[in-house]
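Q: Encoded as structure tokens, here's the structure I'll be asking about.
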Amino acid sequence: LRSTAICQACVAVRMGSVKEEWKQKQRKRKQRKVINMAGKSPLKEIPSTREILKEAIKEVEIDIERPSLTARKLEKKCHEIYRKYEERVREKWKDKVPIEELEKSLSQSRVSRAGHTIELILQTLLDCFGIKYERNKKINEEQLDFVIPNVETLKKDPKNAIIILSLIHISEPT
């Protein structure tokens, strides 16, 4: 009888924690719904990385003598443009969605877009210089961002091929 009472008490405690977990999940779902109000995600108001790069190219002179400097200038300008759009989104949505969720979404978007922006800048510069390449190729389970001039050359004559991996270090304030 005593073990039955203990088991029932354990079940009751467990059921209480299950109920609480369920309530927490419901609250999170509700917050996600708020962030994605009727299909209107705040992040959709920020142009794509490609559109932002096009905007940056209009403002940054491409120096064929100093491609590394040009790449850094383009990345900086893209970041400035993105931040401008991000601020507009923050202002518009600050009273409509939980601010912590909005900031988390914006931060994740910023990190994701940074890597994509670097790849697009490299692609733009390679195109500008007329350099032949293949993009996003997988060789031996290894994902390669750019292979110059192509994978076939890399396999047959690796000395005459170049692999470019675009890596970026993101340091967000804590």
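Q: Name the pairs whose Cβ atoms lie under 6 Å apart, with the first residue in the stretch 112-134 and closer than 18 Å to ALA161 by Cα, the second open to solvent by less than 70 Å² (accessible area, probe 1.4 Å) and part of a helix (DSSP H, G or I), and 6 or more positions between them or separate chains?
A: Here the result reads LEU125/PRO67; TYR133/LEU126; GLU134/VAL151, each pair linking the stretch 112-134 to a residue that is open to solvent by less than 70 Å² (accessible area, probe 1.4 Å) and part of a helix (DSSP H, G or I).
Q: Does ILE131 satisfy the criteria of being surrounded by fewer than 17 Cβ atoms within 10 Å (Cβ to Cβ) and of a type in the set (A, V, I, L, M)?
A: yes
Q: If you scan the stretch 59-77, which residues turn out to be assigned to a helix (DSSP H, G or I), farther than 19 Å from ARG113 by Cβ and either open to solvent by 60 Å² or more (accessible area, probe 1.4 Å) or of a type in the set (Phe, Trp, Tyr) (or both)?
A: Hit for the stretch 59-77 is SER68, nothing else.
Q: Return the pair list, or none, for Cβ contacts closer than 6 Å from residues in the stretch 86-100 that are farther than 13 Å from ILE46 by Cβ to residues that are not in a helix (DSSP H, G or I), at least 6 apart or on different chains.
A: none
Q: In this structure, is LYS96 under 17 Å from the mean Cα position of the chain (by Cα) and surrounded by 11 or more Cβ atoms within 10 Å (Cβ to Cβ)?
A: So LYS96 does not fit the description; no.
Q: Out of the stretch 58-73, which residues are at pLDDT 90 or above and aliphatic (A, V, I, L, M)?
A: VAL60, LEU69, ALA71 - these are the residues of the stretch 58-73 that are at pLDDT 90 or above and aliphatic (A, V, I, L, M).
Q: Same structure again: Just to be sure I understand the filter: pairs with C-beta atoms under 8 Å, separated by 6 or more residues or on different chains, first member in the stretch 138-153 and modelled with pLDDT of 90 or more, second member among the aromatic types (Phe, Trp, Tyr) and surrounded by 11 or more Cβ atoms within 10 Å (Cβ to Cβ). Which pairs pass?
A: Listed pairs, sorted by first residue: PHE146/TYR133; VAL147/TYR133; ILE148/TYR133; PRO149/TYR133; ASN150/TYR133.
The values are calculated or read from the model by the stated rules, or taken from the named source; none is laboratory data. All of these numbers come straight from a predicted model, not from anything done at the bench. So basically every Cβ, Gly included, is an ideal-geometry build from the backbone, and we count neighbours across all protein chains shown. Only protein heavy atoms, including side chains, enter the accessible area calculation; ligands, DNA and RNA are left aside. Shrake-Rupley method; radii C 1.70, N 1.55, O 1.52, S 1.80 Å.
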